[in-house]
Amino acid sequence: MPLLNKVRTAVPGGPGGDTAPSLSRLRSALTLFFALDGFLFAGWVVRIPAIKQQTGASASDLGLALLGVSAGAVVTMTLTGRLCRRHGSHAVTVATAVLLSLSIALPALTHSPLALGLVLLVFGAAYGGINVAMNSAAVDLVAALRRPVMPSFHAAFSLGGMLGAGLGGLVAGSVSPTAHLLGLTVVGLLLTAAAGPVLLREPSPAPPEATPAASGARPRRKAGTRGKAGTRGLVVVFGVIALCTAYGEGALADWGALHLEQDLQAHPGLAAAGYSLFALTMTIGRLSGTALLERLGQTRTLVAGGATAAAGMLLGALAPSVWVALLGFAVTGLGLANIFPVAVARAGALAGPSGVATASTLGYGGMLLGPPSIGFLADWFSLPLALTTVAVLAAGAAVIGYAARNAQAPTAG
């Protein structure tokens, strides 16, 4: 994938020079959709306790209902790639943003665990769909810009999530879940109305190499069956890298605070700050991701990120004191920050929307796999030892990233 490892600037009158304003508008609009996705999802998450009480769900009932989000997302992710190829990733992004905005109000209208699970299937479908569609659109834009800006989109998602969680925490004590989530619907529809027309007016940009003036080289012949199989294999490789990263995110979200409070006797408030610190450093890492990729390239960014996350998580899991563990969580966030965006970008560059769908589905599977795996291992051994699996998978992502350093889509001979 040499295109994203090199930085070129479009010049006036040259390939891409006349399209700079439209690409800038597309980047701004896509950034807004990434932020909106994080904002809406976080707004729902902070109201889960209130929805649990409203529906009268037990802990096990709630767990089954929440599987609706996962099931809806995974099923839709596998289908959205096809929709993007047929209708374009821009149109699918706008449509799924509307569906996500509407469906986020549904959980507050339910009064039983069964009804909650059913509406969460719809919410999960919208969430999975928009993630594949907007990442597919971002992959096309990254190629057209000839700059590795994918981390900036994921930084917007993280910032949106922090804003959504913060706002939700502020209003949780004074605003009902129904009013809050309906308010999020209004915000989502307004922002979609503001940014959606930009995506609908502008087609997905073709990479510079695809334009006639880009080079005099003959177009590559379409890969045969063996080439397609090889491409699918490479996409799965980058999907596994995404899985390794998402496993760590899910594990820290669900088990980080408990580890600080239970194993290191941290005050509940300080324990809760552990994940916030992790999320903050991940956001900082993604904001600086473009500069890092321009300086180091994709392979070294993957390897350095995986190694940093592994070291940080070993420190966080095995630290003898709370403050050292918090330092470990912070380092882990910096390390994991850019692995998922790079993995999805590589998969998309290899196989388009279907590549993004595969990598996203595997990555989301890792986020689902992490929390229960940590729980089982904690029962069998201990929570600190269970959390070291995050370090093992982060190191594995670094090794796989280095092994796939020369990965390119096969072509027919």
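The values are calculated or read from the model by the stated rules, or taken from the named source; none is laboratory data. Since this is a predicted model, take the numbers as computed values, not measurements. Cβ atoms come from the backbone with ideal geometry, glycine included; neighbour counts cover every protein chain shown. Accessible surface is based on the protein model in full, side chains and every heavy atom, while ligands, DNA and RNA are left aside. Shrake-Rupley method; radii C 1.70, N 1.55, O 1.52, S 1.80 Å.
Taking THR110, is it of a type in the set (S, T, N, Q) and in contact with a Gly (Cβ under 7 Å, 6 or more places away or on another chain)?
In short, no.
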**Message:** If I filter segment 315-329 for residues that are within 17 Å of the chain's Cα centre (by Cα) and open to solvent by 50 Å² or more (accessible area, probe 1.4 Å), do I get at least one hit?
**Reply:** no
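Here is a yes/no grid of residues against (1) under 29 Å from ALA137 (Cβ atoms); (2) charged (D, E, K, R); (3) within 20 Å of the chain's Cα centre (by Cα):
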{"residue": "ALA42", "(1), (2), (3)": "yes, no, yes"}
{"residue": "ILE48", "(1), (2), (3)": "no, no, no"}
{"residue": "LYS52", "(1), (2), (3)": "no, yes, no"}
{"residue": "LEU83", "(1), (2), (3)": "yes, no, yes"}
**Prompt:** Which one of SER101, SER58 is modelled with pLDDT under 85 and either under 20 Å from the mean Cα position of the chain (by Cα) or more than 27 Å from ALA246 (Cβ to Cβ) (or both)?
**Reply:** SER58
**Message:** Pull out all pairs, ordered by first then second residue, where Cβ-Cβ is under 7 Å, the residues are six or more apart or on different chains, the first lies in segment 253-277 and is modelled with pLDDT under 80 and in a helix (DSSP H, G or I), and the second is charged (D, E, K, R) and surrounded by fewer than 20 Cβ atoms within 10 Å (Cβ to Cβ).
**Reply:** PRO268/GLU261; ALA271/GLU261
